[in-house]
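Structure first, commentary second.
The values are calculated or read from the model by the stated rules, or taken from the named source; none is laboratory data. None of these values were measured; they are calculated from a predicted model. When we count neighbours, we look across all protein chains shown, and the Cβ atoms used for this are built from the backbone with ideal geometry, even at glycine.
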Amino acid sequence: MHISRKPTRTVFVGNVGIGGNNPVRVQSMTNTDTRDVQATLAQIHALAKAGCEIVRLAVLDAEAALCLRAIKEAAEVPLIADIHFDHRLAISAMEAGVDGLRINPGNIGGKDHVDMVVDAAKAHHVPIRIGVNSGSVEKDLLATFGGPTPEAMVQSAMRHVRLLEERGFDQIKISLKSSSVLSTVDAYRIMSDKVDYPLHIGVTEAGTPLRGAVKSGVGLGMLLAQGIGDTLRVSLTGDPVDEMLVAWEILRSLGIRQRGPEIVSCPSCGRTEVDLIGLATAVEKRLMHVTDVFTVAVMGCVVNGPGEAREADIGIAGGRDCGIIFRKGRIVRKIKGEANLIPEFLQELETFLDQRART
Ligand code: SF4
């Protein structure tokens, strides 16, 4: 299946291009108190290391806005200030050097405030993301559409878009998030036919890591497969660093982008005679921060192991009190004793990584 991306215009968040021919960007949001500069920076560093290309921070008050300057100086990725209702915080954040804003101009107290924010955004070359959630749709639109329907979310976002366009501002991104996967998908589909601004896609309040990963995978997968989405955020109730793994797996599974090794592991069955879960977990842990792209297979038996993992660059198949290591489906070594499987395969993996690093 070929995915043909819908054409959008390009917007820059710092030095990271979103939309146009740029890759689908991966982003997340810190869940630290932004006023705690050290904790926030530690999370930004961890996110960047895990593949996050843009980080958003909540700016709740003037003190948080002031802290952005120190955070910006030490952050290795562009930063977006997430602001609700208060135009003064938006202006302070831009003065502190943030690379992007997430603010809805219709909610910041009238024409003069919108003028001030847009003027500052133009002066600082800062794009603005309009972010509509199903819970933030205006009352009149709820009445007209009978609830926070996809069309109501789109109309709500378009009101904010017009406020910016009327002021000659077009450095716009749009998000339309709902906790309902199907509403989210419909809303983005409608918006994608209306405008060519880059779309920031996500399923909001997706849930705890397992449920959230599934919901995000289904929702974002449906959109991306239709060519919709220029940057994505997977929202999980948990450590935002975990969002990176999910985000990159979604992109990888659709053949859109790759980062780090693909780990193919069988589900195990009655034929499995080794601690396959322990083995797969150890391999995943070792490769957590590897960014090189290759395939590792962790299979439960020698009957199907090498065959099923023929395409893997390196792999292991468990047997009765033994294991077989293979490369590209070809057996290269046998390990005796189940207790030796994990340490010896990890050692083989080190050799493999060393060899790749040298070539
Ligand atoms: Fe079962 Fe072997 Fe297939 Fe794993 S590879 S699921 S152990 S048959």
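Do we have PRO343 as in a helix (DSSP H, G or I), touching a residue at least 24 places away in the same chain (Cβ under 8 Å) and over 30 Å from GLY229 (Cβ atoms) here?
no
Taking region 325-340 only, how many residues are in a strand (DSSP E or B) and either free of Cβ contacts under 8 Å to residues at least 12 places away in the same chain or within 16 Å of the ligand (Cβ to nearest atom) (or both)?
4
If a residue has to be part of a loop (DSSP other than H, G, I, E, B) and farther than 19 Å from PRO261 by Cα to count, how many in region 302-324 make the cut?
5
Might you let me know whether region 53-65 holds any residue that is within 21 Å of the chain's Cα centre (by Cα), in a loop (DSSP other than H, G, I, E, B), assigned by TED's automatic domain parsing to the domain that holds THR231 and at pLDDT 95 or above?
Yes: region 53-65 contains one or more residues that are within 21 Å of the chain's Cα centre (by Cα), in a loop (DSSP other than H, G, I, E, B), assigned by TED's automatic domain parsing to the domain that holds THR231 and at pLDDT 95 or above.
Of all residues in region 269-301, how many are surrounded by fewer than 18 Cβ atoms within 10 Å (Cβ to Cβ), of a type outside the set (Lys, Arg) and either within 14 Å of the ligand (Cβ to nearest atom) or not in a loop (DSSP other than H, G, I, E, B) (or both)?
So the answer is 10.
Somewhere in region 114-127, is a residue part of a loop (DSSP other than H, G, I, E, B), within 21 Å of ARG189 (Cα to Cα), in the same structural domain as LEU68 (by TED's automatic domain parsing) and modelled with pLDDT of 95 or more?
no
From the residues in region 309-324 that are among the charged types (D, E, K, R) and more than 14 Å from the ligand (Cβ to nearest atom), which one is modelled with the lowest pLDDT?
Only one residue tops the list, namely GLU311.
Of the numbered conditions (1) in contact with a helix residue (DSSP H, G or I) (Cβ under 7 Å, 6 or more places away or on another chain); (2) at pLDDT 95 or above, GLY207 fails exactly one; give the number of that condition.
For GLY207, the failing item is (2).
On the basis of being small (Gly, Ala, Ser), in contact with a strand residue (DSSP E or B) (Cβ under 8 Å, 6 or more places away or on another chain) and closer than 15 Å to ILE263 by Cβ, does ALA282 make the cut?
no
Out of region 167-203, which residues are more than 17 Å from ALA213 (Cα to Cα) and out of contact with any strand residue (DSSP E or B) (no Cβ under 8 Å at 6 or more places or on another chain)?
Across region 167-203, the qualifying residues are ARG167, GLY168, ASP170, SER183, ASP186, ARG189, ILE190, ASP193, LYS194, ASP196.
LEU224 fails exactly one of the following numbered conditions: (1) under 22 Å from ILE44 (Cβ atoms); (2) at pLDDT 95 or above. What is the number of that condition?
The one condition LEU224 does not meet is (1).
Test LYS139 against the stated conditions and say whether it is closer than 30 Å to GLY212 by Cα, buried (at least 21 other Cβ atoms within 10 Å of the Cβ) and of a type in the set (D, E, K, R).
Spelling it out, it is not the case that LYS139 is closer than 30 Å to GLY212 by Cα, buried (at least 21 other Cβ atoms within 10 Å of the Cβ) and of a type in the set (D, E, K, R).
Need the failing condition index for VAL154 against (1) among the hydrophobic types (A, V, I, L, M, F, W, C); (2) over 23 Å from SER178 (Cβ atoms); (3) in contact (Cβ under 8 Å) with a residue 40 or more places away in the chain, just the number.
Every listed condition holds for VAL154 apart from (2).
Of all residues in region 88-121, which are closer than 21 Å to MET158 by Cβ, surrounded by fewer than 23 Cβ atoms within 10 Å (Cβ to Cβ) and not aliphatic (A, V, I, L, M)?
ASN104, GLY106, ASN107, GLY109, GLY110, LYS111, HIS113, ASP115
Quick check on ASN304: is it over 31 Å from the mean Cα position of the chain (by Cα), polar (S, T, N, Q) and away from the ligand (no atom under 16 Å from the Cβ)?
no
Taking into account only those residues within region 249-268 that are assigned to a strand (DSSP E or B) and out of contact with any Gly (no Cβ under 9 Å at 6 or more places or on another chain), which is farthest from GLY227 (Cα to Cα)?
ILE263
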